[in-house]
Amino acid sequence: MTCSVTAIIEHDQGGIFAYCPALKGCQAHGATVEEALANVREAAELYLKTLSPAEVRRVNSKTILVTSLALRLAQAGASV
């Protein structure tokens, strides 16, 4: 059985931070994006092993959409 989960990757002060929002507390770090992804994949696989089949189906059916937003910011000192 395969399961698909969303992984979010962010740069932080200590390197690269990755986490899976559908798997509460499932997170990992790495020095590179590739390392962080490998670590979060391992963490997610271990996390899923602790779930019942019904819980895995629920996680697998959860949709998480990720996008970026272009925002207009007011200039410093300008009234909004």
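The values are calculated or read from the model by the stated rules, or taken from the named source; none is laboratory data. The shown structure was predicted, so the numbers you read here are calculated from the model rather than taken from an experiment. Counting neighbours? That spans all protein chains shown, and the Cβs are built from the backbone with ideal geometry, glycine included. When the accessible area is computed, the model is the full protein with side chains, heavy atoms only, and any ligands, DNA or RNA have been set aside. Shrake-Rupley method; radii C 1.70, N 1.55, O 1.52, S 1.80 Å.
Recomputing Cα extents along the principal axes in Å from the coordinates shown identifies the correct label among [x] 44, 21, 12; [y] 55, 29, 17; [z] 32, 23, 17 as [y]. Entry comment: accessible area of the chain is 79 Å² per residue, from protein heavy atoms only and a probe of 1.4 Å. Dividing the helix sum by the residues of the chain, where each DSSP H run of 4 or more adds -39500 (n - 2.57), gives a mean residue ellipticity at 222 nm of -10500 deg cm²/dmol. Applying a DSSP loop filter and a limit of 13 other Cβ atoms within 10 Å to the GluC sites (Glu not before Pro) in the chain leaves nothing.
Taking the longest Cα principal axis of the chain as reference, the axis of helix 33-49 is set at about 40 degrees.
Expressed as a whole percent, the accessible surface of segment 14-80 that belongs to carbon and sulfur atoms is 55, based on a 1.4 Å probe. Scanning the chain for trypsin sites (Lys or Arg not before Pro) lying in DSSP loops with no more than 16 further Cβ atoms inside 10 Å, the longest uninterrupted stretch between such sites is 25-61.
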